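J.: I am attaching a structure below and will ask some questions about it afterwards.
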Amino acid sequence: MHLSKLELRDYLIGFTLVLFMVAIATWLNDYEIILPEIGALTAGMWIYHNPTWIAQPSKIFLAPSGTAVIGFLLNQLAIGYAEKVLLTLILILLLLNVLRSTLAPSFATGLLPIIINATHWSFILAIFTFTLILMIGVLLQGHYRGLPAGQPLHWQHMLGFSLAAGIWVAAVWIAGFPQMAGIPPVLVVFFEVSQMPNYRGKLALKHIVALSGAATLGVLVHLILASWLLSALVTLPLVFILLQLLRIKLPAAYAFPLLALVLPANMFHTLPIAATLASCFFLGSVVIFHQVADCVRLSSENSEI
């Protein structure tokens, strides 16, 4: 894909914001300031100008911040990891419905405090600060003007998302890998594509390759470069190249290089495998759903003839 000067400028500004966040975390030696989904949000809003993400600028602050508070508070409860993930997902769906928002990265900001076991209020302060910066950036760019207002989530969509998430959480818990219950970038993509009228195997395969590839790059680079800032500086352009080769725009992929920096040891080394398996399950389920729906529709049409 050829980049115009304007697109190149947007990439540089977006990457600079992400690197600035990592630099602050390095300076303060506080990994809870590194927010992986800020990478995805920056790409989706400042670079790709995703209309469903920027349509309501105020929700850019309210939705991710609200879900982050939910995850942070639930993380303090004395319940199992898998239960925290499932309960957080349900509450996130309810909050998004109340806000009339479909901002998918809100799932990632809600799950992150549970995944990294965030306990310091610096995490909440960082979420508030960077989502506010993103909102201001969207307001200054002005691409949101004229876009339709957000719509509440359909109960069928909420039910389908909850059912798939419940099956996945139960499966990894039974298998003895509860740490794989929540892979935020994968859930973000799943939430997005499950709302698409059509989702085919070819695009799903590209998404799976992008997500698993970004996760692998994040882990391998961080193994070589222990520095948070250097790892992000190297991996973000590599993910950009990967997406260019696949000819897709997938903001969630940019979260993986940062996620690799903050994961606990028991999740870090298995991240590529977990991302691949989760991607295959969630995105594959959407493909199968559409295929079954098409078969049912064709059968219904034939019976009417």
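The values are calculated or read from the model by the stated rules, or taken from the named source; none is laboratory data. None of the values given here were measured: they were computed from a predicted structure. In this analysis, Cβ positions are derived from the backbone assuming ideal geometry, glycine residues included, and neighbour counts consider all displayed protein chains.
J.: Ser279 is checked against (1) without any contact (Cβ under 8 Å) to a residue 12 or more places away in the chain; (2) in contact with a Leu (Cβ under 6 Å, 6 or more places away or on another chain) and fails just one. What number does that condition carry?
T.: Of (1) without any contact (Cβ under 8 Å) to a residue 12 or more places away in the chain; (2) in contact with a Leu (Cβ under 6 Å, 6 or more places away or on another chain), only one is false for Ser279: (1).
J.: How do the helices (runs of 4 or more DSSP H) wholly within region 115-223 filter down when requiring 1 or more residues that are within 21 Å of Ala63 (Cβ to Cβ), acidic (Asp, Glu) and touching a residue at least 40 places away in the same chain (Cβ under 8 Å): which remain? Before the answer, list the steps.
T.: Details: elements: 122-141, 155-174, 184-193.
Correct list: 184-193.
J.: Further, regarding this structure: Any idea which residue in region 238-276 is surrounded by the fewest Cβ atoms within 10 Å (Cβ to Cβ), counting only those that are in a loop (DSSP other than H, G, I, E, B) and at negative phi?
T.: The qualifying residue surrounded by the fewest Cβ atoms within 10 Å (Cβ to Cβ) is Pro264.
J.: Working carefully through the options Ala23, Ala55, find the one that is among the aliphatic types (A, V, I, L, M) and touching a helix residue (DSSP H, G or I) at 6+ places or on another chain (Cβ under 8 Å). Explain how you work it out, then say what you get.
T.: Details: Ala55 fails: touching a helix residue (DSSP H, G or I) at 6+ places or on another chain (Cβ under 8 Å).
Only one candidate qualifies: Ala23.
J.: Next question. Which of the residues belonging to region 229-270 are closer than 25 Å to Ala181 by Cβ, of a type in the set (A, V, I, L, M, F, W, C) and in contact (Cβ under 8 Å) with a residue 60 or more places away in the chain?
T.: Leu250, Ala252, Ala253, Ala255, Phe256, Leu258, Leu259, Leu261, Val262, Leu263, Met267
J.: So Arg297 passes all but one of these: (1) modelled with pLDDT of 95 or more; (2) surrounded by fewer than 22 Cβ atoms within 10 Å (Cβ to Cβ). Which condition number does it fail?
T.: That leaves (1) as the condition not met.
J.: Also, I was wondering about something else. Regarding Thr109, is this residue under 18 Å from the mean Cα position of the chain (by Cα), outside any helix (DSSP H, G or I), closer than 17 Å to Val138 by Cβ and hydroxyl-bearing (Ser, Thr, Tyr)?
T.: It is false that Thr109 is under 18 Å from the mean Cα position of the chain (by Cα), outside any helix (DSSP H, G or I), closer than 17 Å to Val138 by Cβ and hydroxyl-bearing (Ser, Thr, Tyr).
J.: Does Thr131 satisfy being modelled with pLDDT of 95 or more and either under 14 Å from Ile38 (Cβ atoms) or touching an Asp or Glu at 6+ places or on another chain (Cβ under 8 Å) (or both)?
T.: Working: modelled with pLDDT of 95 or more: yes; either under 14 Å from Ile38 (Cβ atoms) or touching an Asp or Glu at 6+ places or on another chain (Cβ under 8 Å) (or both): yes.
Against the criterion (modelled with pLDDT of 95 or more and either under 14 Å from Ile38 (Cβ atoms) or touching an Asp or Glu at 6+ places or on another chain (Cβ under 8 Å) (or both)), Thr131 qualifies.
Okay, residues lined up against (1) surrounded by fewer than 16 Cβ atoms within 10 Å (Cβ to Cβ); (2) at pLDDT 95 or above:
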position: Gly166; (1), (2): yes, no
position: Val169; (1), (2): no, no
position: Gly176; (1), (2): yes, no
position: Ala181; (1), (2): no, no
position: Val188; (1), (2): no, no
position: Ile208; (1), (2): no, yes
position: Thr216; (1), (2): no, yes
position: Val221; (1), (2): no, yes
position: Thr235; (1), (2): no, yes
